[in-house]
Amino acid sequence: FLYETGALSQVLVKEIEDFYRKSDDNFEFAYLLDSFEEERANQLTIDTTQAFCKMKTGREILFIDVPGHQELIKNMLCGSSYADIAILVVDVQKSIEQQTKRHAFILKLLGIEQIIIVLNKMDLVSFNENIFKKVKEEIIEFVKKLQLQPKCFIPISAKQGDNLLKLSKKMSWYKGLSLNDALNACFKKENNGVFRFPIQDIYSINKEKVVVGKILSGEIKKGEKVTILPLNKECRVKAIRVFNRKCSMAKAPESIGLILDDMNALKRGQILAKPKEPKVTRNILAKIFCVRPFNINESLRFKCLTQETTARINQIIRIWDIASLEPKQNKGLLETTDFAEASIITENPMAIESFTGE
């Protein structure tokens, strides 16, 4: 996809071609994002990689390539947690493996609802429609159990570029969207109009205080009212500042400065919001992934955007095993790679929102 859109430099393409020429391996686009020698030598993604791509519509998007193996689940979670849209890649020859099930489970855990499923390597099954339909039905049967509703299923040959930017004549039986069109359809529904602005810092510019940060969602206009959380205090936007210019409106994902009509008591970690405010609470019900063993008596640091406080786990409600995806016995302890639903109590009130919108 990056190659077809011209997002890759010729220097990078030549470097990878030279690498594979020396190693007597066939050139694989998959390893253009694998920068470590170990990744290229073992044909395995280990770390997350980010790549910018400018689409023909002018929209700039960021692809996050994440590893899929169970041993690297922490890296996959870190990369996926930043995503608005998930592209779940399935090898059409192997159908729905345990790894695919694990990935779908994690998408459900992270609350990512914009999911595109691509069935890759259609060239290796002679672009057969019946094989595509068979694998698609198997995946649908599984994701139903997770209450996931993928936006679409796309048959592709990533290596040959089929159904990436435009529909391929080799699969004339497929009447759906190309990957490019499917991504654009997801982005159209992306902005929910709810303004969220975590305060990163307070600057003093020309003796004037400015709160700075990045707009996570929605937009803000000069003169509008915003609520400062967890203070639950309402202020009006006097001015919007961006680098080297003034403006009267800004929207996600811009990084901006705001001047409010009351700058008292503002500090890093607070959230500016409108029109519907997030919930402010010390009691949080969360699904968590454990990266090291611990018990509920440990004191923890809870971080959410720029918010940070001390916290503890009040109760572990249920635990799932990452390997089998089955529930496991709850002994009040969490082991490495456990998924759990837990009740968390924070020392200070936190502004939070539900994945389910409740």
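The values are calculated or read from the model by the stated rules, or taken from the named source; none is laboratory data. Keep in mind that this is a model prediction, so the values were computed, not measured. Using ideal geometry, Cβ is built from the backbone for each residue, glycine included, and neighbour counts are taken over all protein chains shown. The protein model used for the area step is the full one, side chains on, heavy atoms only, and it has no ligands, DNA or RNA in it. Shrake-Rupley method; radii C 1.70, N 1.55, O 1.52, S 1.80 Å.
Computed from label points 7 Å out along Cα-Cβ, the spacing between Phe187 and Phe294 is 3.8 nm.
Could you give the distance between the Cα centres of segment 48-123 and segment 228-255, to the whole Å? Using only Cα atoms, the two centres lie 33 Å from each other. The Cα trace of segment 208-290 gives Rg and Dmax of 14.0, 45 Å, the first to one decimal, the second as a whole number.
Let me spell out the model: positive unit charges on the Cβ of Lys and Arg, negative unit charges on the Cβ of Asp and Glu, origin at the Cα centre of the chain. What dipole size does that give, in debye rounded to 20?
So the magnitude is around 1620 debye.
What the pair-distance distribution of segment 109-173 shows, using all Cα-Cα distances binned every 10 Å from zero, is 20, 49, 27, 5 percent. Taking each residue as 0.36 nm, the span from Glu208 to Leu231 lengthens on full extension beyond its C-alpha to C-alpha distance by 6.1 nm. Remark: segment 75-83, residue by residue, has Karplus-estimated 3J(HN,Hα) of 5, 5, 5, 4, x, 5, 5, 8, 8 Hz, where x stands for each Gly or Pro and the curve is 6.51 cos²θ - 1.76 cosθ + 1.60 at θ = phi - 60°. Calculated accessible area for segment 99-142 comes out at 44 Å² per residue, all protein chains present (probe 1.4 Å; ligands, DNA, RNA ignored). Between Leu124 and Arg245, the simple label model (points 7 Å from Cα in the Cβ direction) yields a spacing of 4.9 nm.
Of all the options Ala86, Ala265, Ala182, the one that moves most in a Gaussian network model of the chain with Cα springs shorter than 10 angstrom is Ala265. Full extension of the chain between Thr5 and Thr337 yields a length gain of 115.8 nm, computed as 0.36 nm times the residue separation minus the alpha carbon distance. Taking only the Cα atoms of segment 248-355, the ratio Rg/Rh comes out at 1.08, with Rh defined as the Kirkwood radius.
Peptides 215-224, 295-304 ordered by packing proxy, namely the average of other Cβ atoms within 10 Å per residue, highest first: 215-224, 295-304. Between Ala51 and Lys238, the modelled labels are 4.7 nm apart [label points 7 Å from Cα along Cα→Cβ]. Maximal additional length on extending the Asp84-Leu165 stretch stands at 27.2 nm, based on 0.36 nm per residue less the C-alpha distance.
Take the convex hull of the alpha carbons in the chain; its mean projected area over all directions comes to 21.0 nm².
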